[in-house]
Amino acid sequence: MKKESRFQSGLIEELELRFPGCLVLKTDPTYIQGIPDLLILYRNRWAALEIKRSEKEMRDPRPNQPYYVDRLNRMSFASFIYPENKEEVLNEMERSLQ
């Protein structure tokens with residue numbers, strides 16, 4: 001299993017524990033290039049997360065990813081997430097979704 005998919009599996013489990021009753025949906029990367037990997041629906045709010053396997057991978061994001069993360073963050077909450085910033089992002093997401 002690739003490092004990113006392993007991180008994603010653990011992240012989904014953590015999201016479901018941290019946000020009881022949430023729906024975590026994986027997006028289709030072939031539909032709109034650059035849309036974040038996960039859409040999290042929680043109560044009457046939502047968040048989007050673009051998963052990276054490491055902070056180093058952030059130096060070269062795929063085309064359109066920064067655009068969509070920024071655009072979706074202005075609507076609700078969106079962020080890049082990787083192991084090194086996971087706790088910070090999840091804490092910020094928790095504040096945003098309350």
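We did not get these values from a lab; they are worked out from the coordinates using the rules stated. Just so it is clear, the model here is predicted, and its values are computed rather than measured. A quick note on method: Cβ atoms are made from the backbone with ideal geometry, for glycine too, and the neighbour counts reach across all protein chains shown.
Worth pointing out:
- Test for Glu57: is it touching a residue at least 24 places away in the same chain (Cβ under 8 Å) and within 12 Å of the chain's Cα centre (by Cα): no
- Cβ-Cβ distances below 6 Å connect the following pairs, each with a first residue in segment 27-38 that is loosely packed, with under 14 Cβ neighbours inside 10 Å, a second residue that is of a type in the set (S, T, N, Q), and a separation of six or more residues or different chains: Gln33/Asn64.
- Residues of segment 39-64 that turn out to be surrounded by 14 or more Cβ atoms within 10 Å (Cβ to Cβ) and more than 16 Å from Ser96 (Cα to Cα), as a count: 7
- Ser96 touching a residue at least 12 places away in the same chain (Cβ under 8 Å), small (Gly, Ala, Ser) and in a loop (DSSP other than H, G, I, E, B): no
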